[in-house]
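First the structure, in the form of structure tokens, and then the observations on it.
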Amino acid sequence: MTERIKFVSKLLGLFAATFLFMTGNAMAYEEPSYELIKATDVYEIRQYEDRLAVQTRQTSGQNGAFRRLFNYISGSNESASKIAMTVPVIQSSDIGSSAMIFFLPKSFTEQSAPTPDADNVELITVKGGFYAVVKYSGRSSNQNYNKHAALLKEALRQDNIIIKGDPIMATYNGPFTLPFMRRNEAMYRVEWK
């Protein structure tokens with residue numbers, strides 16, 4: 001009976017921690033810093049530095065990818081280290097697969113970041129540079145994202161700004177956050193003077 005009580009207590013603790021993470025109201029999460037280069041009524045141009053991250057790829061859905069990355073920061077790594085969650089979670093797609101990325105806190109370097117246990121999770125460096133970004137609220141659905149990525153692409157075309165890659169989805173809040181309180185972004189890497 002005692003084992004069952006311990007199990008239920010752990011399960012409730014995991015649920016509470018997940019709920020607090022997903023609502024985004026429990027604490028402030030570290031974000032990659034950037035320099036604001038330009039702001040228009042539609043978008044911002046930001047300059048980011050290189051950022052250390054952990055990435056996984058998959059051919060369908062998102063739940064498996066999120067779970068693998070969450071397991072990594074929860075201790076599924078060579079040193080069983082727990083790592084603070086950061087935002088945003090970013091996703092990008094190319095032919096046949098998609099990538100999901102968690103940024104690591106600034107305190108980690110390539111040398112100090114623990115190696116992932118899972119074969120399909122890897123440490124990467126997200127190259128810095130100039131990114132055009134449009135912010136939006138609401139659900140983090142593909143439909144909402146595609147609409148804002150298209151809006152951003154058209155605004156960049158009108159301003160003669162050259163896009164250097166596929167769009168990127170950046171999600172700052174979990175699914176339990178009320179839609180009107182959510183912060184989402186669609187981004188493109190761009191060429192800048």
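I need the peptides 162-172, 32-42, 182-192 ranked by packing, meaning the mean over residues of other C-beta atoms within 10 angstrom, with the highest value on top.
Result, highest mean Cβ count within 10 Å first: 182-192, 162-172, 32-42.
What is the calculated FRET efficiency for Arg157 to Glu3, with r their C-beta to C-beta distance and R₀ = 35 Å, to the nearest 0.05?
On the way: r = 62 Å, r/R0 = 1.76.
For Arg157 and Glu3, the calculated efficiency is 0.05.
Within the stretch 166-193, whose backbone N sits under 20 Å from a point 7 Å along Cα→Cβ of Ala150?
Inside the label zone: 166-170, 184-189.
Using Cα centres only, tell me the gap between the stretch 81-107 and the stretch 114-152 in whole Å.
8
By how many nm would the segment from Arg57 to Ser93 lengthen if fully extended, with 0.36 nm per residue of separation less the alpha-carbon distance?
Length difference between fully extended and current span is 12.0 nm.
Where a number appears in this text, it was derived from the coordinates with a stated rule and is not lab data. In this text the structure is predicted, and so the values were computed from the model without any measurement. All Cβ positions, even for glycine, are placed from backbone atoms using ideal geometry, and neighbour counts span all protein chains on display.
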